[in-house]
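Enquirer: My structure is below; once you've seen it, I'll send some questions.
The values are calculated or read from the model by the stated rules, or taken from the named source; none is laboratory data. Note that the coordinates shown come from a computational prediction; the quantities given were computed from them, not determined experimentally. Please note: Cβ atoms are built from the backbone with ideal geometry, for glycine as well, and neighbour counts cover all protein chains shown.
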Amino acid sequence: MSKTVEEINRKIENGAVRVVTAERMPEIVAELGAERAAEEVDVVTTGTFGAMCSSGAWLNFGHADPPIRMSRVWLNDVEAYAGVAAVDAYLGATQASETVGMGYSGAHVIEDLLRGRPVVLRAVSVGSDCYPRKELLTEVTLAGFNQALLSNPRNAYQRYNAAANSGTRVLHTYMGKLLPGCGNVTFSGAGELSPLMNDPELETIGVGTRIFLGGGVGTVVGAGTQHDPKNGFATLMVQGDLKGMSSEFLRAAVFHGYGGSLYVGIGVPIPVLHAGIARRTAVRDRDIEADIVDYGVPRRERPVLGRFTYEQLKSGAIRLNGRSVPAAPLSSFHMAGRIAARLKEWIEQGRFCLGPPATPLPVRGAAGPLVIRPPQHPGFLFHRRFADLPRPAGTRIRWDAEACFSCGQCLGACPAGVFARDENWRVTADPRPCTGCGRCERLCPAGALTGGDHGR
């Protein structure tokens, strides 16, 4: 028995489609078997919500009078790349503010725009006969842009290595705060909700696939950079209209000692065309493994300390080197579940039809190292220093429930039991047991935790 995307879209239009989230599909396949499950289910919805540094936005500002060809552009003192056209620029999520430093980045500009806040636009130019203006200073809002496209070169990793630190000092990384002596483990990815884990053969996800992106509708525009499906590290290049998105599903973050990043909500519908797809969408956390690599060794090829399933990692602790070590996610399983559920609602309500891929993604990719060679010609090195924003110190942490988006970083760091989660991975905090040990200090990527002992 097989179906086509067109047949499923007709069911969506008629209100007869059967949609389940990726969390539910393993139970259905276990109960009915893959053949009957493929008959009963038309679409499986997936979701992921994690820090995706390889993100940014293409912005078109429109022409001023007199016009200017912007050679350099800043938004709230975050520089955007303007070497593409007169009034176009690409704003990278990790680009830091030149005045504030790593505490404010391009990701924060994107979130400010989504929240309707005015942003200061500053531009300079050498001037020309057709573009005589040399300077521009004004305020802009998202509504005022001609186009604003979220355009991310590498998102939705199929899986990602977990991280630990065997060294003697705390490491601040894009994998969060890593305590010395393998004092904690952090991991990323959405496990059984992961879009590419539910279509590892890339049978239904390709160029043109319509997706949930940042609270709006986006499209897969190609294989992501560092796409390496042969080794289980497929990635997606995605794009969508920023004006149709929401700050609920696009959130700026700061990783202390590393810098800014953008948490991006992505959901991909998997059409269940035959039993093989049904079988693959029945993947469980216990079937997905991640290597724990040692960030305490400063090499590209870091040593592997062990391999564990997502079921083990999500339990909150693993056995590493003969002892129990706390494990905490960087991605938000709570938000990933909400994305899968929201996409399910859209499809059931007839608001979202499937977009069949126009071109398949490559099943092989390139993720090799940079080969360093002595330069043959003189070059230039540029160095810019960024200062961290000061944070208030205190004997107890302070938790901002509104800022928290339940990523779970705090769960593996606190020895006093300040933080907890429910069955939906919603994180809560009770500061009363806090001893001021400082392990959670500057840990929260959302800035929901302040205070703690700076000296620890």
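Enquirer: Where residues in region 15-25 are under 25 Å from the mean Cα position of the chain (by Cα) and not polar (S, T, N, Q), which of them is surrounded by the fewest Cβ atoms within 10 Å (Cβ to Cβ)?
Expert: ARG24
Enquirer: Out of VAL100, VAL78, VAL87, report the one residue that is aliphatic (A, V, I, L, M) and over 22 Å from PHE255 (Cβ atoms). Spell out the reasoning first.
Expert: Working: VAL100 fails: over 22 Å from PHE255 (Cβ atoms); VAL78 fails: over 22 Å from PHE255 (Cβ atoms).
Of the residues listed, the single one that is aliphatic (A, V, I, L, M) and over 22 Å from PHE255 (Cβ atoms) is VAL87.
Enquirer: Taking the condition touching a helix residue (DSSP H, G or I) at 6+ places or on another chain (Cβ under 6 Å), touching a residue at least 24 places away in the same chain (Cβ under 8 Å), polar (S, T, N, Q) and assigned by TED's automatic domain parsing to the domain that holds ALA163, does THR235 pass?
Expert: So THR235 does not fit the description; no.
Enquirer: Mind checking whether some residue in region 252-260 is surrounded by fewer than 18 Cβ atoms within 10 Å (Cβ to Cβ) and touching a helix residue (DSSP H, G or I) at 6+ places or on another chain (Cβ under 9 Å)? It would help to see each step written out before you state the result.
Expert: Initially, region 252-260 is screened for residues surrounded by fewer than 18 Cβ atoms within 10 Å (Cβ to Cβ), giving 257.
Imposing the further condition that a residue be touching a helix residue (DSSP H, G or I) at 6+ places or on another chain (Cβ under 9 Å) reduces the set to none.
No - not one qualifying residue is present in region 252-260.
Enquirer: A follow-up question, please. Identify the residue in region 9-29 that is touching a helix residue (DSSP H, G or I) at 6+ places or on another chain (Cβ under 9 Å) and part of a helix (DSSP H, G or I) and, among all such residues, is farthest from ARG280 (Cα to Cα).
Expert: Across region 9-29, the extreme among qualifying residues is ILE12.
Enquirer: Turning to a different aspect of this structure: Conditions: (1) buried (at least 18 other Cβ atoms within 10 Å of the Cβ); (2) closer than 24 Å to GLU35 by Cα. MET175 meets all but one. Number of the miss?
Expert: (2)
Enquirer: Among the strands (runs of 3 or more DSSP E) contained in region 368-440, which hold 3 or more residues that are over 18 Å from PHE255 (Cα atoms) and either assigned by TED's automatic domain parsing to the domain that holds PRO329 or at pLDDT 80 or above (or both)? Let's see the steps before the verdict.
Expert: Values: elements: 397-399, 419-421, 427-429.
Result: 419-421, 427-429.
Enquirer: If a residue has to be closer than 24 Å to ALA85 by Cβ and acidic (Asp, Glu) to count, how many in region 104-130 make the cut?
Expert: Looking only at that region, the number is 2.
Yes/no matrix, rows are residues, columns are (1) crowded, with 22+ Cβ neighbours inside 10 Å; (2) out of contact with any Lys or Arg (no Cβ under 8 Å at 6 or more places or on another chain); (3) assigned to a strand (DSSP E or B); (4) at pLDDT 95 or above:
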position: GLU79; (1), (2), (3), (4): no, no, yes, yes
position: GLY103; (1), (2), (3), (4): no, yes, yes, no
position: GLU111; (1), (2), (3), (4): no, no, no, yes
position: ARG117; (1), (2), (3), (4): no, yes, no, yes
position: VAL120; (1), (2), (3), (4): no, yes, yes, yes
position: PRO132; (1), (2), (3), (4): no, yes, no, yes
position: LEU136; (1), (2), (3), (4): no, no, yes, yes
position: THR168; (1), (2), (3), (4): no, yes, no, yes
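Enquirer: Can I ask one more? From the set of residues in region 178-204 that are among the hydrophobic types (A, V, I, L, M, F, W, C) and crowded, with 24+ Cβ neighbours inside 10 Å, which is farthest from GLY276 (Cα to Cα)?
Expert: It comes out as VAL185.
Enquirer: Given the criterion in contact (Cβ under 8 Å) with a residue 24 or more places away in the chain, under 20 Å from LEU142 (Cα atoms) and among the β-branched types (Val, Ile, Thr), identify the matching residue among VAL100, VAL17, VAL44, VAL73.
Expert: Only one candidate passes the filter, namely VAL73.
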